[in-house]
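Read the structure below first, then the notes.
The values are calculated or read from the model by the stated rules, or taken from the named source; none is laboratory data. Model, not experiment: these values are computed from the prediction. Here the Cβ positions follow ideal geometry from the backbone for every residue, glycine too, while neighbour counts run over all protein chains shown.
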Amino acid sequence: MNNRNQVERIKKMYPAGTRIELLSTMDDQQGVEKGTKGTVILVDDIGTIHMKWDNGRGLGLIPEEDNFKVLSRPQEEIKESEEHSKEQSQGMGGMSL
């Protein structure tokens with residue numbers, strides 16, 4: 001069981017929209033295989049990371065038990081989108097329409 005500080009840390013580390021790849025899990029009965037990617041929906045009050053997996057399955061991650069890696073976080077996606085927009089506008093002579 002996580003204490004409140006641990007749960008808050010988990011919520012900050014894995015905000016909604018974070019993309020994760022599963023490396024291994026203690027509960028492989030749910031049909032989410034190694035290498036499956038998904039998006040964080042929310043972190044609940046006991047620190048379970050609820051996911052929407054790309055294969056349509058549901059399986060919450062427990063940070064102390066399951067092994068996974070972060071692919072991207074929401075602010076990284078926004079930054080990449082902004083950089084892409086800048087590149088497109090520069091490709092049009094630097095003028096914005």
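Considering the range 23-73 alone, what residues qualify as being over 14 Å from the mean Cα position of the chain (by Cα), among the aliphatic types (A, V, I, L, M) and modelled with pLDDT under 90?
M26, V32
Scan (1) closer than 18 Å to P15 by Cβ; (2) among the acidic types (D, E); (3) in contact with a strand residue (DSSP E or B) (Cβ under 7 Å, 6 or more places away or on another chain) for the single condition D45 breaks and write down its number.
Of the numbered conditions (1) closer than 18 Å to P15 by Cβ; (2) among the acidic types (D, E); (3) in contact with a strand residue (DSSP E or B) (Cβ under 7 Å, 6 or more places away or on another chain), the odd one out for D45 is (3).
For the range 74-97, which residues satisfy the criterion of being at pLDDT 90 or above and either assigned to a loop (DSSP other than H, G, I, E, B) or among the charged types (D, E, K, R) (or both)? Steps first, please.
Pass one, the range 74-97, residues at pLDDT 90 or above: 74.
Scanning the range 74-97 gives no hits.
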